[in-house]
Amino acid sequence: MRKFGLIGRNISYSFSQNYFTTKFTSEGIEDASYQNFDIPNIKAVLDLFKQSDIVGLNVTIPYKETIIPYLDTLDEKAKQIGAVNTIKCMANGELIGYNTDCYGFKKSLQPLLKPIHTRALILGTGGASKAVAFTLDELGIPYQFVSRNVEKPNCITYQDVTESTINQNLILINCTPLGTFPNIKDTPQIPYKFLTETHILYDLIYNPEETLFLKQGRKKNATTINGLLMLKLQAEEAWRIWNHN
């Protein structure tokens, strides 16, 4: 039996376990299982990596960056992004880190883009924002980070987001956890009243299906998308990596 799983903390809600368990059943994949590895700190992965029957792992919050020193090699994209969400466990014990978030984000965003979508705001500066920024670089779309504090170059605070900022950036991507169930009344504090039907609001959150962030966009007839398609796409790309010799 090939064992796969998800590394994270407080992940009983996890999308991945349900997705892969359903996939294995529906596609008649009988030699694989998927489970959650809910660990209290990153050092606990050392015991996990000793399990010889594990062939592939996903990584989620809060370990996408701190997992890196425990891996032997990084795929080029994961190296550039500085975050890992997929690990391939080789038969010789080598652990290779990949990032499939960028694949999922790119494939889900591209069909929505029009020639007017030339600039983006990335709300949040955590691990998830790194794959988003990498993808926007690949697509040739300039972006600016928005955070509570100016934490890095090319970053402004939420107080700095004005009508002009909203008008100039027609893609808004929420990479924060604000609005995630059960805290569904939370949302990034930006001036939503300046949104128009030309905007795209992309929320990496998938539970609830429509966050308050997306509701604000829908009120203004903007294009809205949650993180579910991205999750499905990144999961399938991880599956391809695990099964590719």
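The values are calculated or read from the model by the stated rules, or taken from the named source; none is laboratory data. These figures come from a predicted structure and were not determined experimentally. When we count neighbours, we look across all protein chains shown, and the Cβ atoms used for this are built from the backbone with ideal geometry, even at glycine.
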Condition broken by ARG218, with the remaining ones in (1) of a type outside the set (S, T, N, Q); (2) within 20 Å of the chain's Cα centre (by Cα); (3) part of a helix (DSSP H, G or I) satisfied = (2)
Return the only residue of LEU139, LEU121 being among the hydrophobic types (A, V, I, L, M, F, W, C) and in contact with a strand residue (DSSP E or B) (Cβ under 8 Å, 6 or more places away or on another chain).
-> LEU121
Selected residue [closer than 23 Å to ILE81 by Cβ and basic (Lys, Arg)] from LYS220, LYS130 | LYS130
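Only one of these is in contact (Cβ under 8 Å) with a residue 60 or more places away in the chain, under 30 Å from ASN36 (Cβ atoms) and either part of a helix (DSSP H, G or I) or assigned by TED's automatic domain parsing to the domain that holds PRO62 (or both): GLY93, GLY104. Name it. Outline the logic, then answer.
Numbers: GLY93 fails: in contact (Cβ under 8 Å) with a residue 60 or more places away in the chain.
After applying the criteria, what remains is GLY104.
Residues are listed down the side, and each one gets a yes or a no for (1) touching a Phe, Trp or Tyr at 6+ places or on another chain (Cβ under 8 Å); (2) of a type outside the set (A, V, I, L, M); (3) under 15 Å from THR125 (Cα atoms):
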site: TYR158; (1), (2), (3): no, yes, yes
site: ASN167; (1), (2), (3): yes, yes, no
site: ASP186; (1), (2), (3): no, yes, no
site: PRO191; (1), (2), (3): no, yes, no
site: LEU195; (1), (2), (3): no, no, no
site: THR198; (1), (2), (3): no, yes, no
site: LEU201; (1), (2), (3): yes, no, no
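Residues are listed down the side, and each one gets a yes or a no for (1) more than 22 Å from PRO111 (Cα to Cα); (2) aromatic (Phe, Trp, Tyr); (3) not in a strand (DSSP E or B):
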| residue | (1), (2), (3) |
| --- | --- |
| GLN159 | yes, no, yes |
| THR165 | yes, no, yes |
| LEU172 | no, no, no |
| THR180 | yes, no, yes |
| TYR202 | no, yes, no |
| ALA235 | no, no, yes |
Would you mind stating whether TYR19 is assigned by TED's automatic domain parsing to the domain that holds VAL84, under 24 Å from ALA91 (Cα atoms) and either in contact (Cβ under 8 Å) with a residue 24 or more places away in the chain or touching a Cys at 6+ places or on another chain (Cβ under 9 Å) (or both)?
-> no
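Looking only at segment 4-20, which residues are among the polar types (S, T, N, Q) and loosely packed, with under 15 Cβ neighbours inside 10 Å? I'd like the intermediate steps shown before the answer.
From segment 4-20, those among the polar types (S, T, N, Q) are 10, 12, 14, 16-18; that's our starting set.
Selection gives ASN10, SER12, ASN18.
Table: residues versus (1) acidic (Asp, Glu); (2) over 18 Å from SER16 (Cβ atoms); (3) more than 17 Å from the chain's Cα centre (by Cα).
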{"site": "PRO69", "(1), (2), (3)": "no, yes, yes"}
{"site": "THR73", "(1), (2), (3)": "no, yes, yes"}
{"site": "ASN99", "(1), (2), (3)": "no, no, no"}
{"site": "LYS107", "(1), (2), (3)": "no, no, no"}
{"site": "ILE116", "(1), (2), (3)": "no, yes, yes"}
{"site": "ALA120", "(1), (2), (3)": "no, yes, no"}
{"site": "SER129", "(1), (2), (3)": "no, yes, no"}
{"site": "GLU138", "(1), (2), (3)": "yes, yes, no"}
Going through segment 84-96 one residue at a time, which ones are touching a helix residue (DSSP H, G or I) at 6+ places or on another chain (Cβ under 7 Å) and crowded, with 24+ Cβ neighbours inside 10 Å?
-> VAL84, ASN85, THR86
Identity of the residue in segment 221-233, out of contact with any Phe, Trp or Tyr (no Cβ under 6 Å at 6 or more places or on another chain) and in a strand (DSSP E or B), that ends up surrounded by the fewest Cβ atoms within 10 Å (Cβ to Cβ) = THR223
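Could you say whether any residue in segment 23-30 is in contact (Cβ under 8 Å) with a residue 24 or more places away in the chain and touching a strand residue (DSSP E or B) at 6+ places or on another chain (Cβ under 8 Å)? Don't jump to the end; show me each part of the working.
So in segment 23-30, the residues in contact (Cβ under 8 Å) with a residue 24 or more places away in the chain come out as 23.
Okay, now just the ones that are also touching a strand residue (DSSP E or B) at 6+ places or on another chain (Cβ under 8 Å), so none.
No, segment 23-30 contains no residue that is in contact (Cβ under 8 Å) with a residue 24 or more places away in the chain and touching a strand residue (DSSP E or B) at 6+ places or on another chain (Cβ under 8 Å).
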